[in-house]
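Colleague: The structure's right below; bear with me while I get my questions together.
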Amino acid sequence: MSERYDEAPIPELQALKPPLRSDIERRRARQRVIACAEPLLARRRRAGSSWELLAAWARPGLVAASIALAIVAAALKLGGGPARPVPEPVLLDDVLATGANGSVPALLVAMSEPDVDAVVAAALIETNGNSGALPQEQLQGR
Amino acid sequence: MAATSEGVKPVQDEPQLVERVRRGDRDAFAALVDRYADQAFAVAYGFLRHAQDAEDLVQDALIRALERIGSLRPGSSFGPWFYRLLVNAALNRRKYLARRGTAQLPVGTPARDSPAVDAERAELQQRLAQALAALPRDLESVVILHDLEGFTHPEIAGILGIPEGTCRSHLFRARRMLRDLLKDYRHQ
């Protein structure tokens, strides 16, 4: 006890000591507590076993996922991946210079497939031997 | 009940016991009950002064401790944590009983002596109980834990979550106030 706080205990307080409990009372109290605790303990056991199950599966799961990933990566590397031709960019001046009969064969490289109408129109123009050039009278009319 | 504070001291295998209780081990929980129930009963009785209420309170506190054992940091000792739960529960229970107007006055030990001695003891117990109840809560808790149950200042500081110096000053003030409150009785 610190000297600053030196106040003697009060002996009469001992009269408030708890009554002595018999062994039977103590045993009964113990059984009551443990019986009340049993559902909680059982829940903890179940929760614990779920985690253990999860932990048991976690390692093989990780190994399997790693193997699958490695196989996919190897397949992509060997197969060269999905081949998708990328058209070379063309300068506008070159395009204009190579055009015959004043026509412009292409100005842009389409990023997507042409629709059916465009294909049919191009085919008709080709079969007419027009090579994409406009008729002379139309040029003069402009 | 010996006025020792063995219950609050960390026991060597206690972290393992707590870990086993976390996993739902019945034997480990029973071992904690065996270790703490008696002193917990004495502490609860110190606050409630009614054997059956104290018994019920200890049971509730042990079940609550089991429910919350996940919040006990691994490696830290069960005792102070559990006694803190118990003291808070005891104070709440007493407040509830007081609100209902059913607060218990001391029942005390069963009569063993002559009626005159028993009557005198009963009167003393009643005076003490009233004097204790007149103390502020913190002071009362310290005097019960220290003077009745024999906990040391560091242990009480751990249980109540207060600095050790505060604990000492609380005890000093509590004893002074009790002496004043019991002055009349002592002079009789």
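Throughout, read-outs are computed from the coordinates displayed, never taken from laboratory work. Being a predicted model, the structure only gives us computed values, none of them experimental. Positions of Cβ are backbone-derived with ideal geometry, glycine not excepted, and every protein chain shown enters the neighbour counts.
Colleague: Within a 10 angstrom radius of each residue's Cβ in B:66-77, how many Cβ atoms of other chains show up on average? Whole number is fine.
Modeller: 1
Colleague: For residue B:101, what charge total do you get from the other residues with a beta carbon under 14 Å from its beta carbon, if Lys and Arg give +1 and Asp and Glu give -1?
Modeller: Computed value for this residue: +4.
Colleague: Here's a follow-up. Can you order the peptides B:37-50, A:18-31, B:129-142 by their average number of other Cβ atoms within 10 Å per residue, highest first?
Modeller: Highest mean packing first, the order is B:37-50, B:129-142, A:18-31.
Colleague: At 25 °C and a viscosity of 0.890 mPa s, what translational diffusion coefficient does Stokes-Einstein give for the stretch B:110-188, taking Rh as the Kirkwood radius over Cα pairs? Give it in µm²/s as a whole number.
Modeller: 180 µm²/s
Colleague: For the stretch B:1-104, treating each Cα as an identical point scatterer without solvent, what Debye log10 I(q)/I(0) comes out at q = 0.12 1/Å?
Modeller: The calculated log intensity ratios at q = 0.12 Å⁻¹ are -0.40.
Colleague: May I have the convex hull volume per residue, in Å³, for the Cα set of chain B?
Modeller: 128 Å³
Colleague: First select every other residue whose beta carbon is under 12 angstrom from the beta carbon of residue A:25; then total the charges, Lys and Arg +1, Asp and Glu -1.
Modeller: Numbers: positive: A:21, A:26, A:27, A:28, A:30, A:32; negative: A:23, B:38, B:55.
Once positives and negatives cancel, what remains is +3.
Colleague: Also, quick follow-up: For the stretch A:14-79, compute Rh as the Kirkwood radius over C-alpha pairs and then the Stokes-Einstein diffusion coefficient at 4 °C and 1.567 mPa s; write the answer in µm²/s, rounded to an integer.
Modeller: My calculation gives 75 µm²/s for D.
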